[in-house]
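Visitor: Encoded as structure tokens, here's the structure I'll be asking about.
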Amino acid sequence: MYDVVIIGAGVAGCSTAIALKNQNKHLKIAIIERGFYENITRRIGETLPPQASNQFQKLGIWEAFLACNFLSSYGTSSVWGSSELYTNEYIYSPFGYGWNLDRSVFDRFMMNETQQRGVDFFFKTSCTTALKSPSHWQLTCFENTNEKQIAARFVVDASGKKAAFTSLQGISKITNDTLVGIYRFYDTNNEVLSLKKGTLVETDANGWWYSATLPNNKLVIGYMTDADIATKLNLKSKASFENLLNTSVYTTKRIPKHFSYSENQLVAAQSQYVTNCVGEAWLAVGDAASSYDPISSMGIYKSLVMSQFATFAILDYLKNETLGLRKYEYIVQQDYTHYEAKKAKYYSQEQRYQESAFWQRRQKQKLT
């Protein structure tokens, strides 16, 4: 019998497990992960804001994080609302600089830190059913075709936008848009050293470009738009993606003369929340509870922060105190409400494409 079983080995799942172990090292915790350690599906999200340092310190993994030697990011550049390039320098942040991550390395770093604290991992394992008895959850899981029965006093859904466990409870997901990202990773050899490091965002009539320099001489470029527009523009096609990229003013200049690149990768990026992120002996954390538009650059940071609040709620429940779950739910709901207001305000700054369906939809969201 585990005290806590966490579904999902991403940032939200691992940081929740670490925070729980920091509070009570004797807790028996397991993480169930559909992928496997050596080849976790590449997750999108390479930017960490400076304030993430505070969360790493709270988790006790700050020195280990610094030892990974991820690229420092000293600001974000954007072409948003005008044709001028604007740079927001982190030098004005009290937390110092941010980071551009090799995401697969960062995810393995989080899993390693979690394993070092005695958390069990079940890789290549999916949970298919969950039955609640008065004392615990009985989870039926499969590793390939091999069935596993795992018992837990409390379950954490950290499965990302799928909200797998939450969905098993009959909870609905509410989506506010159909945003998707089409990404490509460039291997630039040493030519990336000649690029201006950091993150760049650039709008056009149908959405916006995102690019960031990454460790190991890599560059990621993505285009964010609505799913129907991506289909209309055939952006999964290499040729269509490149044709659109060539119409950008600044983003295309980041591509070195000699490079190789990955296949285009389509990723769901919609703003989303679940109608209930807590229940009897369970809660959802990270994107499983609520997911934000990538323009916020807050995905990883939000997971780190909310894992701390989730931890206190879980510990309360294990002591037969249920008020913590309601407090956690209120925090998640309030944070999403504030995020929606900020997102609407930010998108309203771009007024150059009044005839565009992409931008009209976001102006409509602002008015409703």
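Just so it is clear, none of the values below were taken in a lab; they were calculated from the coordinates. Keep in mind it's a predicted model, so treat the numbers as computed, not measured. Cβ placement follows ideal geometry from the backbone for every residue including glycine, while neighbour counts extend to all protein chains displayed.
Visitor: So what is the calculated 222 nm ellipticity per residue for the chain, using -39500 (n - 2.57) for each DSSP H run with n of 4 or more, over all residues, to the nearest 500 deg cm²/dmol?
Guide: Calculated at 222 nm, the ellipticity per residue is -9500 deg cm²/dmol.
Visitor: Which entries in the list Lys257/Lys343; Lys218/Lys253; Lys218/Lys342 go over 26 Å, if you measure between the two C-alpha atoms of each?
Guide: From Lys257/Lys343; Lys218/Lys253; Lys218/Lys342, over 26 Å: Lys257/Lys343; Lys218/Lys342.
Visitor: If neighbour count is taken as other Cβ atoms inside 10 Å, put Ile182, Ile255 in order from fewest to most.
Guide: Numbers: Ile182 23, Ile255 20.
Exposure proxy ranking, most exposed first: Ile255, Ile182.
Visitor: Another question about this same structure. Please compute the net charge surrounding Gly60, taking Lys and Arg as +1 and Asp and Glu as -1 over other residues with Cβ under 15 Å from its Cβ. Intermediate results must be reported in sequence, preceding the final value.
Guide: Values: positive: Lys21, Lys25, Lys58, Arg117; negative: Glu63, Glu113.
Summing Lys and Arg as +1 and Asp and Glu as -1 gives +2.
Visitor: Over the range 252-368, what is the relative contact order in percent, taking alpha-carbon pairs closer than 8 angstrom and at least six residues apart?
Guide: Values: 86 pairs, mean separation 20.4, N = 117.
It comes to 17 percent, rounded to a whole number.
Visitor: Now, a different point. Counting pairs of alpha carbon atoms under 8 Å apart in space and at least six apart in sequence, what relative contact order in percent does the chain give?
Guide: Relative contact order of the chain: 20 percent.
Visitor: Where in the range 91-151 are there chymotrypsin sites (Phe, Trp or Tyr not before Pro) that are in a DSSP coil and have at most 13 other Cβ atoms within 10 angstrom of their Cβ?
Guide: Counting only loop positions with at most 13 other Cβ atoms within 10 Å, the chymotrypsin sites (Phe, Trp or Tyr not before Pro) in the range 91-151 are Phe95.
Visitor: Would you look at the GNM of the chain, springs on alpha carbons closer than 10 Å, and say which of Thr225, Thr311, Thr252 moves the most?
Guide: Among Thr225, Thr311, Thr252, the largest GNM mean-square fluctuation belongs to Thr252.
Visitor: Suppose every K and R has +1 on its Cβ and every D and E has -1 on its Cβ; what is the size of the dipole of the range 179-268 about the Cα centre, in Debye to the nearest 20?
Guide: I would put it at about 260 debye.
Visitor: A further question on this structure: Report the relative contact order of the range 179-268, percent, no decimals, based on alpha-carbon pairs under 8 angstrom and at least 6 residues apart. Provide the component values of the computation, followed by the final result.
Guide: Details: 159 pairs, mean separation 38.2, N = 90.
Once normalised by length, the contact order is 42 percent.
Visitor: May I pose another question? Taking neighbour counts of Cβ atoms within 10 Å as a proxy for exposure, in what order, fewest first, do Asp293, Asp335 appear? Present the calculation step by step, with values, prior to reporting the outcome.
Guide: Working: Asp293 22, Asp335 19.
Final ranking by Cβ density, sparse to dense: Asp335, Asp293.
Visitor: Where does each of Arg117, Arg362 land when they are ranked from fewest to most other beta-carbon atoms within 10 angstrom?
Guide: In increasing order of surrounding Cβ atoms, one gets Arg117, Arg362.
Visitor: State whether the range 179-268 is rounded, prolate or oblate according to the following rule on the C-alpha gyration tensor (a ≥ b ≥ c being the square roots of its eigenvalues): a/c under 1.5 gives rounded; otherwise a/b larger than b/c gives prolate, and the remaining case gives oblate.
Guide: prolate
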